[in-house]
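Beneath this line is the structure, given in structure tokens, with notes to follow.
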Amino acid sequence: MKGVVLAGGTGSRLRPLTNIINKHLLPVGDLPMIQYAIEKLSKAGVQDILLITGKQSAGLYLEYLGGGDKFGVRLTYKLQEKAGGIAQALSLAEEFIHAGEKFVVLLGDNLFEDSLLPFMEAFKHQKEGAMVILKEVTDPRRYGVAKMKDGVIEQIEEKPEHPSSNNAVTGIYLFDASVFGIIKTQAPSQRGEMEITDVNNVYAAEGSLSHGFLVGWWIDAGTHESLFQATLFLRKEDS
């Protein structure tokens, strides 16, 4: 299974740090944030990885990660010319994924404890569709939330005022190649971006959106506070 890491965006919640560097190169503990995503995929046996990022720090990624040899992977790079949402960034992977292939997608600012292997194994046996990885949280209004019925996702609600569950959708997704056709049918949201929630809801409506749950810690390191918390989690994990 191939991997795609999305490391674009403007990093507006982490300014002024991101005025000079892409947020996924900021340090978390002893390493740049992006390295954790690469290592998670490598440890799960993913060898071919596409890294999608903006122009701001593309040269720094190449200098630090190179071709991926030191991580046991083969890295390919793709530029996202301007921030247009997660789904728009994902559409740039179409040439990297061949017909019939399944792949795993990580948002580069999502850090987590669990191995990806169980989710990848389960998705290999799923006939078609997509899988999202959920985490029970105490503040679901900050996230996309899975509306469940009889253990099945009916819909994903984006940052709902009155969440139907505490099950947040993390930045870990598994897709088959059909996702690129679905992205092409989507229109930008009110904020002018192509939303991954809209794509996942197409699968939910078809009944082909499965899910798994993270057991260990998970954090979206996209704010100053969560970046600090991520460092604490990682130091505790290493101690």
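Kindly indicate the residue of the range 114-124 that is open to solvent by 30 Å² or more (accessible area, probe 1.4 Å) and touching a strand residue (DSSP E or B) at 6+ places or on another chain (Cβ under 9 Å) and also farthest from L214 (Cα to Cα) among those meeting that condition.
K124
Please enumerate the residues belonging to the range 155-189 that are open to solvent by 70 Å² or more (accessible area, probe 1.4 Å) and under 16 Å from the mean Cα position of the chain (by Cα).
The answer is E158, and nothing else.
Scan (1) surrounded by 20 or more Cβ atoms within 10 Å (Cβ to Cβ); (2) within 23 Å of H224 (Cα to Cα) for the single condition L41 breaks and write down its number.
So the condition that L41 fails would be (2).
Limited to the range 175-198, what total is found for residues that are closer than 19 Å to G100 by Cβ and touching a residue at least 12 places away in the same chain (Cβ under 8 Å)?
Total meeting the criteria: 9.
Please list, ordered by residue number, the strands (runs of 3 or more DSSP E) wholly in the range 58-148 having 3 or more residues that are of a type in the set (A, V, I, L, M, F, W, C).
Correct list: 102-107, 130-136.
Of the conditions (1) over 12 Å from the mean Cα position of the chain (by Cα); (2) crowded, with 17+ Cβ neighbours inside 10 Å; (3) under 27 Å from L214 (Cβ atoms), L111 fails just one. Which one is it?
Only one criterion is unmet by L111, namely (1).
Of the numbered conditions (1) out of contact with any Ser or Thr (no Cβ under 6 Å at 6 or more places or on another chain); (2) more than 21 Å from T197 (Cβ to Cβ); (3) at pLDDT 95 or above, I172 satisfies every one except a single condition; which is it?
Condition not satisfied by I172: (2).
Quick one: how many residues across the range 197-239 are touching a Leu at 6+ places or on another chain (Cβ under 8 Å), assigned to a helix (DSSP H, G or I) and modelled with pLDDT under 95?
5
Pick out the one residue from G151, G144 that is surrounded by 15 or more Cβ atoms within 10 Å (Cβ to Cβ) and not hydroxyl-bearing (S, T, Y).
The unique qualifying residue is G144.
The values are calculated or read from the model by the stated rules, or taken from the named source; none is laboratory data. Remember, it's a predicted structure, so these values are computed and weren't measured experimentally. Virtual Cβ from ideal backbone geometry, glycine too; neighbours counted across all protein chains shown. Surface areas here come from the heavy atoms of the whole protein model, side chains and all, with no ligands, DNA or RNA. Shrake-Rupley method; radii C 1.70, N 1.55, O 1.52, S 1.80 Å.
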